[in-house]
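Asker: Here it is, the structure, as C-alpha cells.
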Amino acid sequence: MRVEALCVVVVLTAASLSGCAGNDTGDDAPAGTGDDTLADTQEVEPIEIFPGQDIQYIVDNSPAASTFLLKSGIHRMQELWPRAGDTFEGENGTILSGARVLPEFSRSNDLWYSANQTQEGLRHGDQLDPEKGWVCPDEYPRCDRPEDLYFNDEPLLHVGSIEEVASGSWFFDYDNDTIWFADDPQGHSIETSVTYFAFVDSANDVTIRNLVIEKFASWVQLAAVGSSGNVSGWLVEGNEIRLNHGVGVIVGSDSIVRRNHIHHNGQIGVATGAPEGYRVTNVLFEANEISYNNYAHVSCGFECGGAKFTVTDGLVVRGNYVHHNMGPGLWTDIDNTGVIYEDNWIWWNEREGIVHEISHDVIIRNNDLRYNGVGHDIWMWGSQILIHVSDGAQVYGNTLYVHEDTGHGIGIMNYNREEYPDFGDFYGRNNSIHHNDITYLGLYGASGIVDDGEVGSDYYQDSDGDGFADWGCLAESANNLFDYNAYHHDGIAEKFEFCGASYLTWEEFQAEGQEAHGTMDSLVVVPDDTPPDVLS
C-alpha cells in the first residue's frame, strides 16, 4: 500500500467516521446522527504498513486512535511515537528491528573492521561520575554503552580496548567511527544496533501486540518498549522482546504486560516507570516468560536481572515463568506497597528468586521457586525469597527447592537504610513467613533472620551482648516470625541463621521463639523440572 493511498483506504473502510489528517470529516457531528449508527455496526479495518514504509509518517497522517497492522517481514530502524489510543499489531513473522546489517568489511592484521559507524548513544550518568562508577563491573567496562554487535543474532561482548578483541568480542572505536571484531564475517549475518527505542512513551492507552521487537540500542534503565514508562494504560501482549541493550519493557500506571516472551535483553527484562514525584499504580504482569536477561553484565549492585519494580502501588505479578536471568528473578525496590506475587515459577536465576527491598506490604504466595542464588549465598543473600529491609510481608503457600550446591530458603534482613528520606526509613519488621514447603537438595542452605543495624539507631539492639545487632530477631517491636513451615533436608542440621549467632539447629531455632508449629524431616524428594508453558 502506498502512503498516498492511505486516505482512500480509510474512507472506504470507515466511511464517514474519519478521514485524512487536516480534512473536516464531521468528527464533531452531534450525537444521534448517522455517523454514530455506523460506528456501532461497522468495524474499522486496520491500516496496513509494509516493510520499508515510514511507519511514523503513516501514523502521524492517520486518524486518532488507529489500529496499524505491520505486515510480515523486517521493519528496520524505526522509532515510533504512538498517539493516545493507537494499536500496533503484527502478522506472524513481523519484526521491528533497531539494527542495521553491516554488508561490507575490511581486514587489518588479525581483525575485521567496519568504518563510518557514527552512531553513539548516551551512557548512564552514574557510570561517568568518578565517585560512583558502579553501573558496570570492572571486567565489563562497556556494559552501559547501548550499541551492540550481533553475530548470527548473538550479541558479542563489548570490550574496553582494541587490544582485548578476541573471538566472541568486539570494540567500538567511537573516536574513529570504526567497529572492530575478530570472527570471520564471511557467510554470517552481522548487525549493529542503531535506533534507541521501538516505542517511546509518548501517549496513554497504547496497545502493542504480536510483534518481534529486537536489537534496539536502548540505554541502561530505559526500555525498547516504553522508554521510561511515563505514561499510563498500555497493553503489551503476545510479543517476543529480545536482544535490546537496556530494558525490554517499561510500563506506567494502569498497564498490562501479558503473554510476552521477554529474553536476552542487555540489562533487565521488565520494569515500571513514572514521572519524577509520581507513583506507578495498578500494573499487572501476567503469564510472561522472562529469561536470560542482563547479557551486558550490568552490575547487580546497580540494577540487573529479570524484573525491577519501583514506587508501585497495587502491583500484581502473576503466573510468570522467570528463569536463568543474570541477577534476581523478580525485584521490588524502593517504596513499593500493596504488591502481590502469586503463582509464578522462578527458577535458576543468578541472584535471589523474589526480593522485596526497602518496601512495604507484600503478599508472596503459591509460587514455585527453585535453584536461585547459586554461588551468591553469603549471609542471607541468594535466598529463594528475601524480605530485604522491608515490612508487612505475608509469605505463604510457596514451594521452594534449594540447589544441592548453594542457595538459601527464605530470609528476612534488617539493617539501616535511611538514604531515601522522601519515603521515610525502612526496617525489617512485621514480617510473617508461614505455611511454606522448603526442600534442601544438598548439605547446606538456610532460612532465617539476619541483622546488621548500626549502633545509635532507634532500631538497634544487642540483647545478648555478643557484639552483633539482633533487633530484627529478638525485639518485640520487630515482630518477625517463622511458623507452620515444613522443612526437608538430609544434610547439615544447622539450617537457620539468627542474627549474630552461628547457624542454629531446628531445636535452637524453636528455642528462640520461631517455628512453634513448624516441622522438619529428612523426606527429600527431587522435583520434576519440566518447565511450565505460560505462553500458550
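Asker: Tally the DSSP beta bridges in the range 328-521 and give the antiparallel ones as a percent, rounded to 5.
Answerer: So the antiparallel bridges amount to about 5 percent of the total.
Asker: Could you give me the ³J(HN,Hα) list for the range 207-217, computed from phi with Karplus coefficients 6.51, -1.76, 1.60 and θ = phi - 60°, whole Hz, x at Gly and Pro?
Answerer: Values per residue, Gly and Pro as x: 10, 10, 9, 6, 10, 9, 10, 9, 6, 8, 8 Hz.
Asker: Further question on the same structure: Set Lys and Arg Cβ to +1 and Asp and Glu Cβ to -1, take the dipole of the chain about its Cα centre, and tell me which of Thr195, Gly273, Ser66 lies farthest positive.
Answerer: Towards the positive end, the residue furthest out is Ser66.
Asker: Additional query: Report, to one decimal in Å, the Kirkwood hydrodynamic radius for the chain based on all distinct Cα pairs.
Answerer: Averaging 1/r across every pair of different Cα atoms and inverting gives 25.1 Å.
Asker: Please say if the range 63-104 is rounded, prolate or oblate, where rounded means a/c under 1.5 for a ≥ b ≥ c the square roots of the C-alpha gyration tensor eigenvalues, and otherwise the choice is prolate for a/b larger than b/c and oblate otherwise?
Answerer: Note, shape of the range 63-104 comes out oblate.
Asker: Over the chain, calculate the relative contact order: mean separation of alpha carbon pairs under 8 Å at least 6 apart, over the residue count, as a percent.
Answerer: So the answer I get is 7 percent.
Asker: Here's something else I'd like to know. For the chain, the longest stretch holding no GluC sites (Glu not before Pro) located in a DSSP loop with at most 12 other Cβ atoms within 10 Å is which?
Answerer: Counting only loop sites that pass the neighbour cut-off, the longest clear stretch is 277-417.
Asker: Dipole size in debye (nearest 20) for the range 328-521 around its Cα centre, Lys and Arg Cβ +1, Asp and Glu Cβ -1?
Answerer: My answer is approximately 540 debye.
Asker: Quick one: Kirkwood hydrodynamic radius for the range 242-358, alpha-carbon pairs, angstrom, one decimal?
Answerer: By the Kirkwood definition, the hydrodynamic radius is 13.5 Å.
Asker: Any lysines with Cα under 20 Å of the Lys71 Cα? List them, leaving off those in the same chain fewer than 8 positions away.
Answerer: Cross-link targets: Lys215.
Asker: Under 12 Å Cα-Cα from Lys132, which aspartates and glutamates qualify once same-chain neighbours fewer than 8 residues away are excluded?
Answerer: Hits, sequence-local ones excluded: zero.
Asker: Also, I was wondering about something else. Take every DSSP beta bridge with both residues inside the range 347-452 and express the antiparallel ones as a percent of the total, to the nearest 5.
Answerer: Bridges in the range 347-452 are about 5 percent antiparallel.
Asker: For the chain, the longest stretch holding no trypsin sites (Lys or Arg not before Pro) located in a DSSP loop with at most 12 other Cβ atoms within 10 Å is which?
Answerer: The segment 133-536 is the longest one with no such site.
Asker: Output the relative contact order of the range 83-209, whole-number percent, from Cα pairs under 8 angstrom with separation of 6+ residues.
Answerer: RCO, the range 83-209: 37 percent.
Asker: Something else: Kirkwood hydrodynamic radius for the range 328-521: how many Å is it when counted over pairs of different Cα atoms?
Answerer: 16.2
Asker: More than 25 Å apart: what percent of Cα pairs in the range 407-536 qualify?
Answerer: 34
Asker: What number, rounded to the nearest 500 deg cm²/dmol, is the helix-based mean residue ellipticity at 222 nm of the chain, given -39500 (n - 2.57) per DSSP H run of at least four residues and division by all its residues?
Answerer: The per-residue figure over the chain is -1500 deg cm²/dmol.
Asker: I've got another one for you. Charges only on Cβ, +1 for Lys and Arg, -1 for Asp and Glu: so what's the dipole of the chain about the Cα centre, in debye to the nearest 20?
Answerer: Dipole about the Cα centre, nearest 20: 1340 debye.
Asker: Something else now. So for the range 328-521, averaging the separation of alpha carbon pairs under 8 Å that are six or more residues apart and normalising by length, what relative contact order in percent results?
Answerer: Value for the range 328-521: 16 percent.
Asker: Sticking with this structure for a sec: Charges at C-beta only: +1 for Lys and Arg, -1 for Asp and Glu. How large is the resulting dipole of the range 375-438 about its Cα centre, in Debye rounded to 20?
Answerer: 160
The numbers here are math on the coordinates, done by the rules we state, and not lab data. Note that the coordinates shown come from a computational prediction; the quantities given were computed from them, not determined experimentally. With ideal geometry, Cβ positions are generated from the backbone for all residues, glycine too; neighbour counts draw on all protein chains shown.
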